[in-house]
Amino acid sequence: MAHAATVPTVADVSYGPYEPAERQTLDFYVPDGVDAPPIVMWIHGGAWYAGDKSSPTGVQEFLDAGIAVASMNYRLTTYDGPPSADTANGTTWPGQLEDITKAFAFVRDSGATYGYDGSRVASFGASAGAHLSAWAGLALADDPDTRLAATVTWYPPADLIEMDADDDASSPDLDFIEHLACDSPESLLVGACLGETDGMGDLVNRGLADAASPAVFASFLPEDTVLPAFLIMHGDGDPLVSYLQSVRLFDAIDAQGGSPDLQLRIVEGLGHGGPGWEEQVPYVVDFMDAAFAVQPAPVPVPAALPMMLAGLGMLTAFGCRRKASTPRLT
């Protein structure tokens, strides 16, 4: 799904102060000839211990649609090879959420510098990046100044404690990962063994898992929290993260009720990435385009107008919000 010929407009822009410095950098891709395009943040996957920003999914399709792309690195759980208790020398949760918050704040503030509209921002990620994309959509929603226009997730881990149970329920013959194992990507993310139990057989680190689970976070959001448009996509043949994780995320957001356009698409026959996902990119682009259309670009106000309105006692704030249905698509 990467487009090798598409090179960043600007590469390796620092957004944060933490080490290793290269893990807190962004690449920008800005379409030619488009005045103040909206921007999508791509968040890479890799089980929170691998991957980088070098190949954002759908970048050329977004550019062709007049949408800019930022692709971010974030701090990983390990830097010494495959995950294990011995290599967990990186960053644990909520360090990744801190990176997400800093990166989106930087993108918001840098539109004039890099040639896009920093007031119209969306998130898109796959796998571990989808987990972080969901967090961006939810955690930044409490403030209208940081709330995203749209969030797209492809096959996200959404409720870490329930991942093994969901694997067993949906595809027991395809289960390749024990998510509660002490050396699982999820255990390394939270910095503790998710499968550890006390003398009564209860999981002692459930609280840490819940604190890193976007579906759990969504279930505690106030009902009046306005969320971005959400598109949640998963393949029903995923052997690593059950599609039931996406169902959990959808159900939690649906129950909260704050998303103006909430969609769940379970795609028959698709796995965890790989063949068939590239064909889903146009749907994502259309979804983003529709969400940005609901959040139009700011209209320049004549310099004298605020003074005139203030003098007449008519200075008000103008805005618009659309509340649409929340279809569930399968």
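The values are calculated or read from the model by the stated rules, or taken from the named source; none is laboratory data. The structure presented is a predicted model; accordingly, all values stated were derived computationally and were not measured. All Cβ positions, glycine included, derive from the backbone under ideal geometry; neighbour counts span all protein chains shown. Just the protein is used for accessible areas: all its heavy atoms, side chains included, with ligands, DNA and RNA removed. Shrake-Rupley method; radii C 1.70, N 1.55, O 1.52, S 1.80 Å.
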Restricting the stretch 265-290 to residues that are under 17 Å from Phe250 (Cβ atoms) and assigned to a helix (DSSP H, G or I), the one nearest to the chain's Cα centre (by Cα) turns out to be Val284
Could you tell me whether Ala112 is within 24 Å of Ser246 (Cβ to Cβ) and either assigned to a helix (DSSP H, G or I) or aliphatic (A, V, I, L, M) (or both)? no
If we keep only residues of the stretch 230-249 that are closer than 15 Å to Gly274 by Cα and part of a strand (DSSP E or B), then the residue nearest to the chain's Cα centre (by Cα) is Met233
Counting only residues that are outside any strand (DSSP E or B) and crowded, with 18+ Cβ neighbours inside 10 Å, how many does the stretch 62-81 have? 10
In this structure, does Phe230 turn out to be open to solvent by less than 30 Å² (accessible area, probe 1.4 Å), farther than 19 Å from Ala139 by Cα, at pLDDT 95 or above and hydrophobic (A, V, I, L, M, F, W, C)? no
Between residues in the stretch 8-26 that are over 18 Å from Ile100 (Cβ atoms) and residues that are of a type in the set (Ser, Thr, Tyr) and modelled with pLDDT of 95 or more, which pairs lie under 7 Å by C-beta distance while being six or more apart or on different chains? Pro8/Tyr29; Thr9/Tyr29; Val10/Tyr114; Asp12/Thr25
Which residues, counting only those in the stretch 259-285, are closer than 13 Å to Phe124 by Cβ and open to solvent by 50 Å² or more (accessible area, probe 1.4 Å)? Tyr283
Determine, yes or no, whether Phe124 is open to solvent by 10 Å² or more (accessible area, probe 1.4 Å) and in contact (Cβ under 8 Å) with a residue 24 or more places away in the chain. no
Output the residue which, of all residues in the stretch 149-195 that are over 12 Å from Ala212 (Cβ atoms) and among the hydroxyl-bearing types (Ser, Thr, Tyr), is most open to solvent (accessible area, probe 1.4 Å). Ser170
What are the residue pairs meeting all of these: first residue in the stretch 48-65, first residue closer than 16 Å to Gly273 by Cα and among the β-branched types (Val, Ile, Thr), second residue assigned to a loop (DSSP other than H, G, I, E, B) and open to solvent by 40 Å² or more (accessible area, probe 1.4 Å), Cβ atoms under 6 Å, and 6 or more apart or on different chains? Thr57/Met1
Restricting attention to the stretch 29-80, which residues are touching a Leu at 6+ places or on another chain (Cβ under 9 Å) and at positive phi? Gly46, Ala47, Trp48, Gly51
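Every residue, every condition in (1) among the β-branched types (Val, Ile, Thr); (2) in contact (Cβ under 8 Å) with a residue 24 or more places away in the chain, yes or no:
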| residue | (1), (2) |
| --- | --- |
| Val152 | yes, yes |
| Asp159 | no, yes |
| Ser171 | no, yes |
| Leu180 | no, no |
| Glu186 | no, yes |
| Asp198 | no, no |
Among the residues of the stretch 207-216, is there at least one that is among the β-branched types (Val, Ile, Thr), closer than 19 Å to Val294 by Cβ and at pLDDT 95 or above? no
Conditions: (1) in contact (Cβ under 8 Å) with a residue 60 or more places away in the chain; (2) surrounded by fewer than 20 Cβ atoms within 10 Å (Cβ to Cβ); (3) out of contact with any Cys (no Cβ under 9 Å at 6 or more places or on another chain). Thr146 meets all but one. Number of the miss? (1)
Just to be sure before I move on: is Tyr114 modelled with pLDDT of 95 or more, more than 26 Å from Met233 (Cα to Cα) and not charged (D, E, K, R) in the structure I sent? yes
Specify the residue that is farthest from Asp286 (Cα to Cα); the eligible residues are those in the stretch 198-235 that are in contact with a Ser or Thr (Cβ under 7 Å, 6 or more places away or on another chain) and of a type in the set (Val, Ile, Thr). Val204
